[in-house]
1. In the structure displayed, which of Lys109/Lys170; Lys116/Lys170; Lys109/Lys195; Lys126/Lys170 lie more than 24 Å apart, Cα to Cα?
2. By how many nm would the segment from Asp103 to Asp209 grow when fully extended, if each residue of separation counts as 0.36 nm and the alpha-carbon distance is taken off?
3. Give a residue-ordered list of calculated ³J(HN,Hα) values for the stretch 88-95 (Karplus: 6.51 cos²θ - 1.76 cosθ + 1.60, θ = phi - 60°; whole Hz; x for Gly, Pro).
Amino acid sequence: MAYPGYGGGFGNFSIQVPGIQMGEPVPETGPAVLLDEYCGFPAFSDAYSSAGDSVYTYFSAVAGQDGELDAEELQRCLTQSGISGTYSPFSLETCRIMIAMLDRDYRGKLGFREFKELWAALNAWKQNFMTVDQDGSGTVEHHELRQAIGLMGYRLSPQTITTIVKRYSKNGRIFFDDYVACCVKLRALTDFFRKRDHLQQGSVNFMYDDFLQGTMAI
């Protein structure tokens with residue numbers, strides 16, 4: 001179906017992670033993290049052990065006694081892990097929407113399983129960013145963002161791409177932190193819409209309060 005954000009290939013990171021197919025483990029994410037065929041985001045298996053997991057080391061070094069991360073703890077954890085590489089660390093606002101995307105129990109925090117899921121997505125988005133940053137500037141421009149979004153399987157109109165660029169760019173360039181924020185929001189809002197589009201026809205009737213709950217949280 002020709003539908004923005006739907007159809008085969010949505011969220012398929014096989015281009016960014018050569019040799020990995022749907023349902024196979026994602027590099028650096030452990031054996032329990034699998035690529036999800038729909039949501040543009042690696043899905044997390046119920047069967048998981050933290051034994052010998054380097055990602056758990058990052059998580060446990062920062063998580064409080066409740067075994068969860070709030071936005072400030074997540075920011076510190078991701079900064080200490082070095083997952084941003086040579087790019088600037090993630091802002092507190094980006095960390096807040098990362099939590100909102102995965103906070104299924106609405107506690108405002110991430111447990112380790114949710115953090116592991118996030119870790120897989122960040123690695124995939126980072127690889128995608130590096131793939132389309134053809135001039136090595138450390139930013140992506142309009143045409144590069146269009147390519148990146150296409151690689152993730154979204155089919156968005158030129159007008160929507162332009163709107164996204166205006167929202168997340170600085171002088172026409174999108175830095176890694178803003179790029180991730182864009183990916184988080186695009187994934188979360190598409191998932192919010194998809195869950196209500198029961199017939200998969202690209203049309204949904206919202207109650208005003210439901211709309212606000214879904215969009216204000218991100």
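1. Details: Lys109/Lys170 30 Å; Lys116/Lys170 30 Å; Lys109/Lys195 22 Å; Lys126/Lys170 19 Å.
Over 24 Å Cα-Cα: Lys109/Lys170; Lys116/Lys170.
2. 36.2 nm
3. Along the stretch 88-95, the couplings run 5, x, 5, 6, 5, 5, 5, 5 Hz.
The numbers here are math on the coordinates, done by the rules we state, and not lab data. Source: prediction; values computed, not measured.
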